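These notes concern the structure reproduced below.
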Amino acid sequence: MASKPRPTETVELEYAIEVDGVSVDTLSMRRPTVRDQLTFEEGKGGEARKVIAMIANLCEIPPKSVEQLDQSDFVKLTETLQGFQATQSQS
């Protein structure tokens, strides 16, 4: 039986960032797994650093790119992440 691909959500950025030398104005975030949650909980640094690492992992971009985000775009991505976590047990 083939496994179902992990759902993703595309987030449109108000302000483009650079990822690996390319300007991007959207990021695709996949739903987190238990492994992602464990990595988050075991991560080093404060809460903000751990959230940056989690978003970078789920969007498959370097943490330095996440650090370029405008605060409003960072909030959108954290809300998307929270939405995944709120609905994970329902799907």
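All of the numbers you see were taken from the coordinates with simple rules; none came from a lab. Keep in mind that what you see is a predicted model, and the values were worked out from it rather than measured. So basically every Cβ, Gly included, is an ideal-geometry build from the backbone, and we count neighbours across all protein chains shown.
Do we have residue 41 as loosely packed, with under 13 Cβ neighbours inside 10 Å and in a strand (DSSP E or B) here?
no
Here's a check for you: in region 13-38, which residue that is closer than 17 Å to residue 75 by Cβ and touching a residue at least 24 places away in the same chain (Cβ under 8 Å) is surrounded by the most Cβ atoms within 10 Å (Cβ to Cβ)?
27
Go through region 1-12 and count every residue that is free of Cβ contacts under 8 Å to residues at least 40 places away in the same chain, among the aliphatic types (A, V, I, L, M) and within 16 Å of residue 56 (Cβ to Cβ).
Total satisfying the criteria: 0.
Mind checking which residues of region 1-29 are among the small types (Gly, Ala, Ser) and not in a strand (DSSP E or B)?
Passing the criteria: 2, 3, 21.
I'd like the residue in region 44-57 that is of a type in the set (Gly, Ala, Ser) and under 15 Å from residue 73 (Cα atoms) and, out of all such residues, is surrounded by the most Cβ atoms within 10 Å (Cβ to Cβ).
For region 44-57, the residue satisfying everything is 56.
Tell me whether region 66-85 contains one or more residues that are in contact with a helix residue (DSSP H, G or I) (Cβ under 7 Å, 6 or more places away or on another chain) and either in contact (Cβ under 8 Å) with a residue 60 or more places away in the chain or exposed (fewer than 12 other Cβ atoms within 10 Å of the Cβ) (or both).
Among the residues of region 66-85, at least one is in contact with a helix residue (DSSP H, G or I) (Cβ under 7 Å, 6 or more places away or on another chain) and either in contact (Cβ under 8 Å) with a residue 60 or more places away in the chain or exposed (fewer than 12 other Cβ atoms within 10 Å of the Cβ) (or both), which makes the answer yes.
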